1. Please compute the per residue accessible area over region B:299-363 with all protein chains in place, 1.4 Å probe, rounded to a whole number of Å².
2. Give me the one-decimal nm value for the distance between modelled label points at C:Thr159 and A:Lys145, 7 Å along each residue's Cα-to-Cβ direction.
3. Of B:Gln25, B:Leu534, B:Cys122, which is farthest towards the positive pole of chain B's charge dipole, taken about the Cα centre with +1 and -1 on the beta-carbons of Lys, Arg and Asp, Glu respectively?
4. Compute, for region C:115-168, the length of the dipole vector about the Cα centre, with Cβ point charges of +1 (Lys, Arg) and -1 (Asp, Glu) only. Units Debye, rounded to 20.
5. Quick check: residue separation of C:Thr86 and C:Glu426 times 0.36 nm, minus the Cα distance between them. What number comes out in nm?
6. What FRET efficiency do you get for B:Met53 and B:Ala132 if R0 is 25 Å and r is their Cβ-Cβ distance, rounded to the nearest 0.05?
7. Defining a contact as two alpha carbons under 8 Å apart and six or more residues distant in sequence, what relative contact order in percent does region A:115-195 show?
8. Once you keep just the Cα pairs under 8 angstrom separated by 6 or more residues, what percentage relative contact order results for region B:17-142?
Amino acid sequence: MSDLNTAMTERYRSSFLKEVEANVEEGEWVKMCMQCGVCAGSCPLGNAWEHTPQKLFMMIRAGKREAVLSSDAMWMCTSCYNCIARCPRGLPITHIMHGLAHYAKRLGLSPKNQPTQQFAQIFWDNLMKKGRVNELKLGLSMYFKDGFGQGIKNAMANQKLGQNMMKAKRMSAMELFGGHSIKDTSGLQKMIKKAQEIEDAKIQGNS
Amino acid sequence: MSDEKKFAGYICTGCGIGDRLDPSQLESIATREGKMQSCKQHEMLCNSEGVQMIRDDIANDAVTHVMIAACSRRAKVEAFNFTDVALTRANLREGVIWVRPDADEHQETTQEMADDYVRMACAELRSMSKPASSGEQQLNKTIMVVGGGITGMTAAIEAAAAGYPAHIIEKSGALGGQAADYIKSIPTRSPYSEPQDTGVAAMIASIEANDLITVHLNSTVAKTAGAPGRFSVDIATESGAVVTETFGAIIQATGFNLYDPSGLMQFGYSSSPDIITNGELEKLVKASNGGPIKRPSDGKEVKAVAFVQNVGQSSTEKGQLSYHSGIGDLIAIKQAMYFKAQNGDCDTTILFNNLRTPGAAGEDFYRAGQEKMVTFSKGEVSEVVAGDSLEVKFKDLILDEETSMQADLVVLDVGMMPNSGPDPYAVPMVIDEDAEKTEEAEVKAPTVTVDSILNLDYRQGTDLPHLKNGFTDSHFICFPYETRRTGIYAAGPLRRPMDMRQAQDDAAGAAMKAIQAAENAGKGMAAHPRAGDLSFPKFRMDGCTQCKRCTVECPFGAINEDEKGYPMFNESRCRRCGTCMGACPVRVISFENYSVETVNQQIKNVEVPEEFDEKPRILVLACENDAYPALDQAAMNGVEINPWARVIPVRCLGSVSLSWITDSLNSGYDGIVLMGCAKGDDYQCHFVRGSAMAHERMGKVGDTLSSLNLEPERVVVYEVAITDVERAPKLINDMAETVEKIGLSPFKF
Amino acid sequence: MTEVIATNQTILVVGGGISGLTAALEAAETGKQVVLVEKRPYVGGRVTQLYKYFPKLCYPTCGLEINQRRAKMNPNLTILTMAEVTDIQGEAGNYTASVKLSPRYVNDNCTGCGDCGKAVTAEFDDEYNYGMGKRKGAYLPHRMAHPQQYVIDPAIIGTDDAEKAKAACKVNAVDLDMQEETVSFKAGAVVWATGWQPYDANKIQPYGYDRFSNVITNVEFERMADPNGPTGGKILRADGSPAKNIAFIQCAGSRDKNHLLHCSRICCMATLKQTHYVQEALGDEGKSTIYYIDIRAIDRFEEFYQTVRENPNVSFIKSKVASIVENRANGNPVLKGVDTEGYHRYENEHDLVVLAVGMQPSVDKASFPVDIVINEEGFIEPASENGGIFAAGCSSDALDVNRAVQQATGAALRAIQVVNRVAGTEG
């Protein structure tokens, strides 16, 4: 991945904005921001992040590549869509945030211990195995991501929730043993792989 | 027309006038004291029957002078618009019954007020004659346009399209002006997304094909004499030949110059050929001829360009422009697009503080710039450092950090300065020698053209007076075309900074005014704001002492002087404000329907009760455009006005003759209140200087008062606005209190 | 029946605001026959509702007085009030216009004496004051209204009030049988000057204009600041207590894809002006905070901006306010957002919020009674396809008074060009 990062750095040396435009989902909208800040003010989690969308967009224009791609900000977006609803320029801000997160991850620049990012990876890996999310394993993977001791603590803290879910048949202990899958898991995996190839080719082409 | 005068009075008893006042007493005053040959009452004079009655008398009984005692002169104007007689109005409704309480104990003083207003109106009427034009006027439909840029060309084309011939006087060898150097212009039509053709070539072609338009290239105006309707202009060509042409009206469209940023060291304009102004960029791009845009220093293709906005403008610093050219950001977007069109990969960055792209067109163009990947950064540039690669240091205001960027070319957004010629009223600069040593060397003042453009053969200077910063208008909000020289209209960036679309609209507006001025001069009618007025001041030369006050004080430069110092009046330059009349110490200037005498007669015919009656008299001279309407509105609200007051509307406080003050004091008035408009930088006086002149003159009234042994507080001058509905009556009532405090005037006989 | 005398050398001016009035007067003073059609019962339009003009801080009624006097004196000008153009057919040099005249129920006999107003009792929201304050069912819209004639509200027709008004009138001016009528007449050219309306603040959901009583609009604030207005010039909150800490929100509905796409040009200057009102009414006790994206002080207005910037009682925050909530305890609006210059989050409580709402063309694109080229923002384009119809003022762009007048003067000339051509061919 860092090869890709180097290639991208080389390719877009003069303009990070162009890099974003070409490679980030909905990235072509970033140039249209007029820095009014309504997205920043509308974000319910705004005070929990280092950078708000408006500020990120300015950083992109200012060529602050490292700071943007390693920011935790886009990982904190909960997709509430307040910003999109209010943006006077109609920027699909939520999507841009996810696009930026995705791109940063591809380049290997996303913040290493950012929990949302970790969760996303765990979720993805979990999903890819059976083509279906294994709730139990997903939960456990999250609990134990920071080591065994911490995992036990987390599990204990959420014990009641787990029990209730089982009672309501929303989760089954049997899932621990593989769990059920979709009909054609390998077919899905092939599809995903192909999609990834197409996407990689596109980015490589851009690089 | 026979000189036989016939005076007729009409008293309306409607709107409560008949109930509150004794109309038969008013009628008898009108006939016996007021010497009206007839006087009729009508229960509603303004209705069709009442108006017809007056019309019939004019037609059948040869009535030449009409006195209407009814409502304010501002009410029912259309009904009482008898243009073929001299007309005066006694204001019994707003002036009397609406400002006095309806109670028995006030009946006597209220009736006295009404009696006096009828006396005043009759007396005024007797010293009036029906205004008629001088008969000297000429209709000349040809318009002179000075300046052959976008504005001037448009003005000529628009005038010609209305059937009025135009002459364009252009200093250079070609039409087109500054725009001829431009690649493209800011878009003027929806969707406002691409720079568009300037239209210069098409305009030149249409002018060449137009029989009504004559072009004088390499020519300047050597002399402009005369007045609207009969301007006589010497047009000098480079070769030294002079032709004389006559014109009905003039449009000055001499455009602008760009601010010279050499003195602003931080922008490095003089330190590198690659730091240029937005004006110079047009030429640079033009020279590239559609190929790669190359920087001046080494001919290397420009791959990164920075636009530094708002250079030397919006500034309180000495030597910089305090205003803003308004269109610099739109120009920067347009110019960034030049680079993008040539090379999509060229980095274009606009460093601005407040991005000024107003209106529908502006905001559309801003978005269009963003679409094309023009980078907009809210930043304050502190320095441009010359070098192989230019370094632009700036504070990024959003990211709140000092930073810098590299560019091959830096374009400075410098402001537009009107090319307006010298201000006739410029105060000679006082040079502080110490300051000169320290500052002059560092900061050059903005250069202003000092050569005359119009070479007006006017007593008050060669060019259009400036309002501020070299812009040549006066009441620029309500009446943007009104310069202080009648029949000469400024258009384009001379009037305020503007883009080409606005300049073209402006040219059409100026052409409208010029055509109107030519037409009305042909009829002997006044121009704005007393449009259509046929009266004009007449000068009784045998009484003139050549003091030159009228020629100096006329706000519109209407009066020249002959070699002996006698005033030479130019009717069609005059706006009919009467400032000359107010200025004249020997009272030789008067209008047919407004003169020292018409007001003096009103003052004299007020019945001044003897001292022991304890009924003071307060004279109020109120500007007819602001103070008088404020009093009318106060009356509508039922605000009380002291019954001792007698209000006389004046055309402008500038027309107030000092003799009115001394005469009224001598005849026993106890107090005098003068109400004019705001003066000073943000003046509201419709005749620009009238109110200021009046304030100045009244400053000397103290001498008169002390020579008469009277208290100074008996005469007061106020600035009163049309909205001073509560304050205007209060100022009058305050004077009544003052009089009560200091006692009645000893000059009652 | 009302009769309008007009020919195809007549210029029809649609709209009697400052633009239409200017165009009509300039043409009439050049000797042209002009018919001015105005929807309201008086001319002057929205400038009559402004307290002061920027940047001179002078009074709109001062220039209006001159224009009204020009109108009264000019025999070439016919003014139809309470009139709306419903249809225009034809081509340059030969139009036929249909105009709907709504009944005023008061005829030209009216002297403006006010007896009818005193006689009636029913009260209505006063539209001149944007619904702040009341007016009677027989009323003079404002003190300087021209024509100076009362109007009877159609709502009192058929009630006792109407009869009382009629009985009170001593000059036979009240005519309760007046009917709506439509007149048709010729015109050679048309100046279209139907002006603007304030953007509907109710549509800006996050600002709660519809929910919070201490959130008002800039046009309402104009009336409030006017000493001759509904509060006597006092700047008040909904509960009648004085407002001292006032927020101005710029681009309320402008520069916004969800509302008006365009920049309304005037709102920055209007707000800067309104901070002067705060200073005038409250002195150093009055604090103004301006929340803005860009302050668009253009050309010579720049100096006015500089003087406001120097006022220590005015602060500027570069931010489009995200939302307003109401402090239930005291009814104060609380503004939430981010100061984008350096990223500072705020939750600022104010006594009163003034929304600088933008300018929207008065006539909806779909309901133009004539075929005309209109751009995305709803403004009339200067297109040759428009024939002998010329836009003036805010029907062509968001403009300040100065530019509206400038443009209207040019529009008058373009109309004159058409009628002069007609005169040339007809002799």
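The values are calculated or read from the model by the stated rules, or taken from the named source; none is laboratory data. Keep in mind that what you see is a predicted model, and the values were worked out from it rather than measured. Cβ coordinates were reconstructed from backbone atoms using ideal geometry, including for glycine residues, and neighbour counts include every protein chain displayed. The accessibility values were calculated without ligands, DNA or RNA, using every heavy atom of the protein model including side chains. Shrake-Rupley method; radii C 1.70, N 1.55, O 1.52, S 1.80 Å.
1. 24 Å²
2. The modelled label-to-label distance comes out at 6.9 nm.
3. B:Leu534
4. Values: 7 positive and 9 negative charges, 42 e Å.
Using Cβ point charges on Lys, Arg, Asp and Glu, region C:115-168 gives about 200 debye.
5. Computed gain between C:Thr86 and C:Glu426 is 119.6 nm.
6. Working: r = 25 Å, r/R0 = 1.00.
For B:Met53 and B:Ala132, the calculated efficiency is 0.50.
7. Working: 55 pairs, mean separation 26.8, N = 81.
Once divided by the residue count of region A:115-195, the mean separation gives 33 percent.
8. Values: 136 pairs, mean separation 38.5, N = 126.
Rounded, it is 31 percent for region B:17-142.
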